1. Using 0.36 nm per residue of separation minus the Cα-Cα distance, give me the extension gain between Cys163 and Ala121 in nm, one decimal.
2. What is the spread of the Cα atoms of segment 101-194 along each of their three principal axes, largest first, in whole Å?
3. Can you give me the relative contact order of segment 109-149 as a percent, contacts being Cα pairs under 8 Å and 6 or more apart?
4. Could you put His100, His168 in order of accessible surface area, largest first, with the 1.4 Å probe and the full protein assembly present?
5. Based on Cβ point charges of +1 for Lys and Arg and -1 for Asp and Glu, what charge dipole magnitude is obtained for segment 54-194 about its Cα centre, in debye rounded to the nearest 20?
6. Which whole-number percentage describes the relative contact order of segment 93-194, with Cα contacts under 8 Å and a sequence gap of 6 or more?
7. Fully extended, how many nm does the chain gain between Lys179 and Ala57 (0.36 nm per residue separation, minus their Cα-Cα distance)?
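The values are calculated or read from the model by the stated rules, or taken from the named source; none is laboratory data. Because the structure is predicted, anything quoted here is derived from the model rather than measured. Please note: Cβ atoms are built from the backbone with ideal geometry, for glycine as well, and neighbour counts cover all protein chains shown. For accessibility, only protein heavy atoms count, side chains too; no ligands or nucleic acids. Shrake-Rupley method; radii C 1.70, N 1.55, O 1.52, S 1.80 Å.
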Amino acid sequence: MQPMAGQDLLHTQPRPMHWLATATAISAVVAAASLVQPPDATATTSRDARAGKPAAAAPDPSRVTFPVDCGPTRLDVVKKASGDLDGDGTTETVAVVRCHSETGTPPSGVFVLAQPTDAKAAPRVVATLLAPAQRLSVQTLALKAGAVSTELLGYSDLDVPRCCPDVHKNIKWQWQGGKFVESELPAAMGAQSV
């Protein structure tokens with residue numbers, strides 16, 4: 001017996017019930033996969049998330065009033081990096097700032113920021129790693145394993161031409177004993193990031 005014209009077409013076109021059954025089956029597979037996990041599976045969360053609160057975002061340096069006097073010019077955030085610097089499960093931000101200048105490179109400040117206890121307040125400066133008064137400029141900034149590394153340039157005295165810094169340092173700050181401890185790195189081990 002020959003099928004009537006269009007009869008084969010009916011068997012090959014999915015109907016709404018077909019799509020509903022397919023969607024239900026896929027949903028069941030996804031739900032089952034999310035419930036079945038290896039016995040040693042663990043999740044890495046922040047202290048806030050473990051306490052039932054969502055993890056806080058990294059502190060935003062654009063909301064901070066830094067302890068730097070730029071006079072009539074604005075303060076620029078030129079570099080930033082975020083991570084857990086003190087091992088407490090919360091994210092801090094390291095911000096490199098300097099007074100705005102159309103020419104030259106003003107000295108940098110390096111500050112560690114933390115979220116405030118009041119969610120509506122601005123992040124707070126909790127540590128000054130490098131003050132602009134030290135007259136050094138940050139060239140690179142890196143965070144690795146909770147340590148902050150920088151490459152710094154500066155001038156040994158006022159007679160050194162401002163085009164050609166003669167002081168080159170690679171500095172690392174690491175949280176130890178409740179404070180940031182500074183150490184100088186060999187030149188080849190300086191920061192390689194941001």
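1. Working: separation 42, 0.36 × 42 = 15.12 nm, distance 4.09 nm.
Gain in length upon complete extension: 11.0 nm.
2. Over segment 101-194, Cα extents along the principal axes are 48, 31, 22 Å.
3. Across segment 109-149, relative contact order equals 33 percent.
4. Working: His100 45, His168 120 Å².
I get His168, His100, largest accessible area first.
5. On the way: 13 positive and 15 negative charges, 44 e Å.
Result for segment 54-194 is approximately 220 debye, rounded to the nearest 20.
6. Working: 197 pairs, mean separation 19.3, N = 102.
After rounding, I find 19 percent.
7. 41.7 nm
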